[in-house]
1. Between a residue in the stretch 5-19 that is touching a residue at least 40 places away in the same chain (Cβ under 8 Å) and at positive phi and any residue that is loosely packed, with under 11 Cβ neighbours inside 10 Å and among the β-branched types (Val, Ile, Thr), which pairs come within a Cβ distance under 8 Å, given they are 6 or more apart or on different chains?
2. With Glu92, Glu79 as the choices, which residue is more than 24 Å from Gln158 (Cα to Cα), surrounded by fewer than 17 Cβ atoms within 10 Å (Cβ to Cβ), touching a residue at least 24 places away in the same chain (Cβ under 8 Å) and of a type in the set (D, E, K, R)?
3. State whether one or more residues within the stretch 77-89 are in a strand (DSSP E or B), at pLDDT 95 or above, out of contact with any Asp or Glu (no Cβ under 8 Å at 6 or more places or on another chain) and not charged (D, E, K, R).
4. For the stretch 174-186, how many residues meet the condition of being without any contact (Cβ under 8 Å) to a residue 60 or more places away in the chain and either closer than 20 Å to Pro5 by Cα or crowded, with 17+ Cβ neighbours inside 10 Å (or both)?
5. Give me the pairs: first residue in the stretch 141-158 and under 19 Å from Glu63 (Cα atoms), second residue among the charged types (D, E, K, R) and surrounded by fewer than 16 Cβ atoms within 10 Å (Cβ to Cβ), beta-carbon distance under 6 Å, and six or more apart or on different chains, which are they?
6. Please go through (1) crowded, with 18+ Cβ neighbours inside 10 Å; (2) in contact with a Ser or Thr (Cβ under 6 Å, 6 or more places away or on another chain) for Ile46 and return the number of the only condition it doesn't satisfy.
7. Take the residues in the stretch 158-172 that are surrounded by 17 or more Cβ atoms within 10 Å (Cβ to Cβ) and not β-branched (Val, Ile, Thr), then tell me which one is nearest to His6 (Cα to Cα).
Amino acid sequence: MVTSPHKNKLRMEAKKKLASLSSQEQKIKDKDLSLNLRNCLKDFSIHGAIGGFAPIPGEPHWECELMDLDTPLAFPAFENDKMKFYLAKWDELVWGDDFGVKLKVPANKKEEIIPELLLVPGLLFTKKGERLGRGKGFYDRYLSKYEGQKWGLCFAEQIVEQIPREEHDQKVHKIITDRGIIKSED
């Protein structure tokens, strides 16, 4: 996937901004975001699984206030050139490099599912639901065929006015931050 130099510059700036957060600041933001997500989930009737992600450095720990959640969770893994989601609990995740970086993925890749709700990471989002990922296109390819609810997760500092868009870029329906919930404007 070819990406614009402007997008790469935005990615570097976003990563730098996230890296500047102290561990204490991030813990507070993680908790606030997780509580906002918890409140949002109360108003959303889920009959299937939530597709989540195991956060890498700089990404929100959305799970910190949801460990008692009864809803099944699914996590992504990369297999046969495709991102797929597999049912798993937090303690069933293992370190892998499925996506070209070290992150936690399901140890048991037997029960592939399509989550009813997908929690989507990103480096930047707009209030229109536009998202800038890390540049590999895994989520954009998956989201292009996904028909369920897509909720972006990020800190308030990651909301920007504009992101350069390309044809393959996918939007989210809602964005959960440490400061509140943004319903996409489109």
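1. Hits for this filter: zero, empty list.
2. Glu79
3. The answer is no; no qualifying residue exists.
4. Total satisfying the criteria: 3.
5. Filtered contacts from the stretch 141-158: Ala156/Arg179.
6. Failing condition for Ile46: (1).
7. Here the answer is Asp169.
Listed here are the residues, each with its yes/no results for (1) of a type in the set (Phe, Trp, Tyr); (2) in contact with a Gly (Cβ under 9 Å, 6 or more places away or on another chain).
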residue: Ala74; (1), (2): no, yes
residue: Asn80; (1), (2): no, no
residue: Tyr86; (1), (2): yes, no
residue: Val101; (1), (2): no, no
residue: Lys104; (1), (2): no, yes
residue: Glu111; (1), (2): no, no
residue: Glu116; (1), (2): no, yes
residue: Leu123; (1), (2): no, yes
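The values are calculated or read from the model by the stated rules, or taken from the named source; none is laboratory data. Note that this is a predicted model, so its numbers are computed, not measured. Every residue, glycine among them, receives a Cβ derived from its backbone with ideal geometry; neighbour counts consider all protein chains shown.
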